[in-house]
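As structure tokens, the structure follows; a few thoughts come after it.
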Amino acid sequence: MILSKNLNNVYSDIRGDIYMHALELEKQGHKVLKLNTGNPAAFGFKMPDSIKNRIVADAERALGYCDIKGQECARIAIRNYHYSKGLNNITEDDIFIGNGVSEVAYMIITALIGKDDEVLVPAPCYSLWTNLTFLAGGKVGFYQCDELNGWQPDIESIKKGITANTKALVIINPNNPTGVLYSKEILLEIVDMARKNNLVIISDEIYDRLVLDEKQHISIAALADDVTMITMNGLSKSHCICGLRCGWLCISGIEKEKKILRDALVKIASVRLCSNALMQLVIPDALADSAYTEDMISSNGRLSRQRNAVIEELDKIDGISYVKNSAAFYLFPKLNLKAFGLKSDREFAKKLLDEKHILVIPGSGFNCADNDHFRIVMLPEESELRNAIKSIGDFLRNI
Ligand SMILES: Cc1ncc(COP(=O)(O)O)c(C=O)c1O
């Protein structure tokens, strides 16, 4: 069997060899704390009543195939949501709904990228964007996010990374794995760079409603009308329904370019007929139900308490430093490998799993330039998280 060469570099550490080892340990009867995925339902987060009620009420209305771009009521609600964030030059026709951001991401990369085309992605990066580029036969270029500057994208590194073949630049804001928000100044510089180099900006904003400390998320597409941008969003995280699969993309920019992309995406979307029709019908109620998400992120909400617990416990461990996150479910600490006599983040993650039965993903799994970070998923309840970080401290002290 000869498989496609495009598969050669496709890999996700989130479900990679260390994760497989965790499953083995579970089979042997060990209880493993799996901090590898941002999957709130696995940690007791319940779906909002607004969504549950709509699913029950509308099940019969969602049995047929529907509009390949997505049901109109849902696209209008999405349009209004993005209007409220300053994306003024979009209509419901510029919106495509899919089975999660993952599917619409696949659609836009398929539309833009062919053999030898390049996509510039952040390092560290959630692996969706590298993998989709490889699957399309394209090449991945990395720009660095600078830990010393709060993990903001490094503009010089973006400049250096642009080649004659670069077609798109991906930003993940708020970011996975660092959990930081990008500043307006940096976003404006990225817009400028895309404008000068005729790049499409793809902005993955799936965590935009999960912002802590009363900070504000800025959608890059709200900063310019003349640059083609694809804004990605969905309900997996803000409404804790990852398994129900509901995401969308929104095209903004100059109408001529928007039309070219709309036509391409209609072709691609029609290959898969439509996305889950029932999940589209929940979108208007879900987006109107901001209280559900606000409850998680308020200063005493579950996500804020869990984040605070993580950093309080990390502060007690010598040899670990971190940039305080203000969004999403993630923190990306740095290990002083030398002090612990460790060779790499991967060695750390493997040993931690074997000794303490805690699964974390090493930073190298996110294409972090240095191999001395790991990602913490801050979804378990506060007390469980405190115990987990204390165990990491014990492990490092006794290594
Ligand atoms: C940055 C980022 N984008 C996209 C996704 C996938 O989202 P969805 O569940 O909508 O496919 C994730 C999931 O963890 C993510 O972290």
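The values are calculated or read from the model by the stated rules, or taken from the named source; none is laboratory data. This is a predicted model, so every value here is computed, not measured. Every residue, glycine among them, receives a Cβ derived from its backbone with ideal geometry; neighbour counts consider all protein chains shown. With ligands, DNA and RNA removed, areas are computed over all heavy atoms of the protein, side chains included. Shrake-Rupley method; radii C 1.70, N 1.55, O 1.52, S 1.80 Å.
Details
- Residues in segment 285-296 carry Karplus couplings, in order, of 5, 5, 5, 6, 8, 6, 4, 4, 6, 4, 4, 6 Hz; the curve used is 6.51 cos²θ - 1.76 cosθ + 1.60 with θ = phi - 60°, and Gly or Pro positions show x.
- Given K69/K167; K5/K115; K237/K350, the pairs whose alpha carbons are separated by over 21 Å: K69/K167; K237/K350
- Those aspartates and glutamates that a straight Cα-Cα span of less than 20 Å connects to K256, excepting residues fewer than 8 apart in one chain: E92, D93, D94, D192, D225, D226
- Ranking S236, L23, G100 by Cα position along the charge dipole of the chain, where only Lys, Arg, Asp and Glu carry charges on their C-beta atoms, puts L23 farthest toward the positive end.
- Carbon/sulfur fraction of accessible area - the chain, other protein chains in place, 1.4 Å, %: 50
- Projected area, mean over directions - segment 163-270, Cα convex hull, nm²: 8.1
- Selection from A59, L33, G44, by position along the positive dipole direction of segment 29-81 (Cβ): L33
- Rounded to the nearest 10 Å², the accessible area of K196 at probe 1.4 Å: 150
- Antiparallel DSSP beta bridges within the chain, as percent of all bridges there, nearest 5: 50
- In this calculation the C-beta distance from N300 to M1 is compared with R0 = 45 Å, giving a FRET efficiency of 0.20.
- Taken one residue at a time, the phi angles of segment 85-99 give Karplus couplings (6.51, -1.76, 1.60, θ = phi - 60°) of 9, x, 8, 8, 9, 10, 10, 5, 5, 8, 10, 10, 9, x, 7 Hz. Gly and Pro are set to x.
- Calculated [θ] (222 nm, deg cm²/dmol) that DSSP helices of n ≥ 4 give over the chain, each run adding -39,500 (n - 2.57): -11500 deg cm²/dmol
- Taking the Cα centre of segment 50-289 as origin and assigning +1 to Lys and Arg Cβ atoms and -1 to Asp and Glu Cβ atoms, the resulting dipole is close to 520 debye.
- Per residue, the convex hull around the alpha carbon atoms of segment 1-92 comes to 270 Å³.
- Taking N as its residue count, the alpha carbon Rg of the chain over 2.2 N^0.38 Å: 0.97
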